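Structure first, then comments.
The values are calculated or read from the model by the stated rules, or taken from the named source; none is laboratory data. Quick caveat: nothing in here was measured; it's all calculated off a predicted structure. Positions of Cβ are generated from backbone atoms using ideal geometry, with glycine treated the same way; all protein chains shown enter the neighbour counts. Remember, those area values only see protein heavy atoms, side chains included, never the ligands or the DNA or RNA. Shrake-Rupley method; radii C 1.70, N 1.55, O 1.52, S 1.80 Å.
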Amino acid sequence: MATPLLELMDVTAGYGPVTVLDGLSLSIDQGEKLALIGRNGVGKTTTLATVMGLAQLQGGCIRFDGEDLSGLTTHQRAMRGLGLVPQTRDVFPSLTVEENLLAGLKHRSRAALSEAYDLFPRLAERRYNGGAQLSGGEQQMVAVARALLGQPRLLMLDEPLEGLAPLIRLELLRAFSRMVTERDLTLVIVEQQVREALQQTDRAVVLSRGRVVHDGPAQALQQDADALGRLVGVSHS
Ligand SMILES: Nc1ncnc2c1ncn2[C@@H]1O[C@H](COP(=O)(O)OP(=O)(O)O)[C@@H](O)[C@H]1O
Ligand SMILES: [Mg+2]
């Protein structure tokens, strides 16, 4: 069997004395497109933060491509190929779109920016606009494109659709699919827009109280209204 790309083994983690993740085990293979869902406060953001080294691992083990991540800084994890687009998006308001994207290049040449503009033509049109002038959807595009320019192998998106209109959500979801198909990318999407997220992913992992309570095909969960209601509180409508 091939080594999983990311493996969390019996992970306990949190912030200082607070424990949020409590015996979380999860294994993700290269090329998977996974939705990580669950009610508010179950530990989705903390899972992503722990993988990046932004929350404290208190027990268990996290491996990326076989390598134990404990002891590596967030920057070192990013250099290994882990990428996170936080819920806050973190677009610099006083910088232009292009300057925001340049910040994601790491050691690559400026020519790589064309990848971002190819994926999101809207950003090419707005390249000299300031970050503060962008709509929420455009800010999300900048945040995703900037992360991609660092050539992650595993990209984690924390509620990328939050607060966005349906059409722009669809545009983003299509771009996510394209990213996985055209690059050697593995994607983890945390979403409250559960139905939309399940439609665009292969696998659904549900968290409750800091551990995995469901792991299966996204499509099957999408069609199981009872399970959705029980696991994530999504109504039958
Ligand atoms: N920086 C922090 N310090 C202490 N507790 C936190 C911090 N961030 C989140 N928490 C707590 O951790 C729990 C899980 O939060 P989070 O991972 O953000 O959940 P989710 O993303 O699933 O909504 C919540 O009870 C939250 O209050
Ligand atoms: Mg969260």
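Please count how many residues of region 30-52 are free of Cβ contacts under 8 Å to residues at least 40 places away in the same chain and away from ligand 2 (no atom under 16 Å from the Cβ).
0
Tell me, yes or no, whether region 88-100 has at least one residue that is within 16 Å of ligand 2 (Cβ to nearest atom), open to solvent by less than 40 Å² (accessible area, probe 1.4 Å) and under 29 Å from S177 (Cα atoms). Lay out the reasoning, then the answer.
Pass one, region 88-100, residues within 16 Å of ligand 2 (Cβ to nearest atom): 88-90.
The next check asks that each one be open to solvent by less than 40 Å² (accessible area, probe 1.4 Å); those that pass are 89.
With the extra rule that they be under 29 Å from S177 (Cα atoms), the set shrinks to 89.
Within region 88-100, one or more residues are within 16 Å of ligand 2 (Cβ to nearest atom), open to solvent by less than 40 Å² (accessible area, probe 1.4 Å) and under 29 Å from S177 (Cα atoms).
Looking at region 15-24, is at least one residue out of contact with any strand residue (DSSP E or B) (no Cβ under 8 Å at 6 or more places or on another chain), over 19 Å from A218 (Cβ atoms) and either free of Cβ contacts under 8 Å to residues at least 60 places away in the same chain or within 14 Å of ligand 2 (Cβ to nearest atom) (or both)? Quick ask: steps written out before the conclusion?
Narrowing region 15-24 to residues out of contact with any strand residue (DSSP E or B) (no Cβ under 8 Å at 6 or more places or on another chain): 17-18.
Those left that are additionally over 19 Å from A218 (Cβ atoms): 17-18.
From what is left, the residues that are either free of Cβ contacts under 8 Å to residues at least 60 places away in the same chain or within 14 Å of ligand 2 (Cβ to nearest atom) (or both) are 17-18.
Yes - at least one qualifying residue is present in region 15-24.
Applying the selection to region 5-33, what residues are open to solvent by 50 Å² or more (accessible area, probe 1.4 Å), more than 11 Å from ligand 1 (Cβ to nearest atom) and hydrophobic (A, V, I, L, M, F, W, C)?
M9
If you scan region 180-191, which residues turn out to be in contact (Cβ under 8 Å) with a residue 60 or more places away in the chain and surrounded by fewer than 17 Cβ atoms within 10 Å (Cβ to Cβ)?
Hit for region 180-191 is D184, nothing else.
Give region 53-79 a look and list any residue that's surrounded by fewer than 20 Cβ atoms within 10 Å (Cβ to Cβ), closer than 22 Å to E32 by Cβ and touching a residue at least 40 places away in the same chain (Cβ under 8 Å), or say none.
Matches in region 53-79: G60, C61, R63, D65, G66, A78.
Looking at R174, R146, R169, R126, can you tell me which residue is away from ligand 2 (no atom under 16 Å from the Cβ), touching a residue at least 40 places away in the same chain (Cβ under 8 Å), among the charged types (D, E, K, R) and open to solvent by 10 Å² or more (accessible area, probe 1.4 Å)? Working first, answer last.
On the way: R174 fails: touching a residue at least 40 places away in the same chain (Cβ under 8 Å); R169 fails: touching a residue at least 40 places away in the same chain (Cβ under 8 Å); R126 fails: touching a residue at least 40 places away in the same chain (Cβ under 8 Å).
None of the others qualify; the one that does is R146.
Any residue in region 205-230 that's free of Cβ contacts under 8 Å to residues at least 12 places away in the same chain and part of a loop (DSSP other than H, G, I, E, B): show its pairings with residues that are charged (D, E, K, R) and open to solvent by less than 80 Å² (accessible area, probe 1.4 Å) at Cβ separation under 6 Å, as long as the two are six or more apart or on different chains.
none
Checking the structure you have, find out if any residue of region 70-90 is in a loop (DSSP other than H, G, I, E, B), touching a helix residue (DSSP H, G or I) at 6+ places or on another chain (Cβ under 8 Å) and of a type in the set (K, R).
Within region 70-90, one or more residues are in a loop (DSSP other than H, G, I, E, B), touching a helix residue (DSSP H, G or I) at 6+ places or on another chain (Cβ under 8 Å) and of a type in the set (K, R).
For the subset of region 34-58 comprising residues that are small (G, A, S) and under 15 Å from G233 (Cα atoms), which member is nearest to ligand 1 (Cβ to nearest atom)?
Within region 34-58, the subset small (G, A, S) is 35, 38, 41, 43, 49, 53, 55.
Add one more test, that the residue is under 15 Å from G233 (Cα atoms), and what stays is 38, 41.
Details: G38: 6, G41: 4 Å.
Result: G41.
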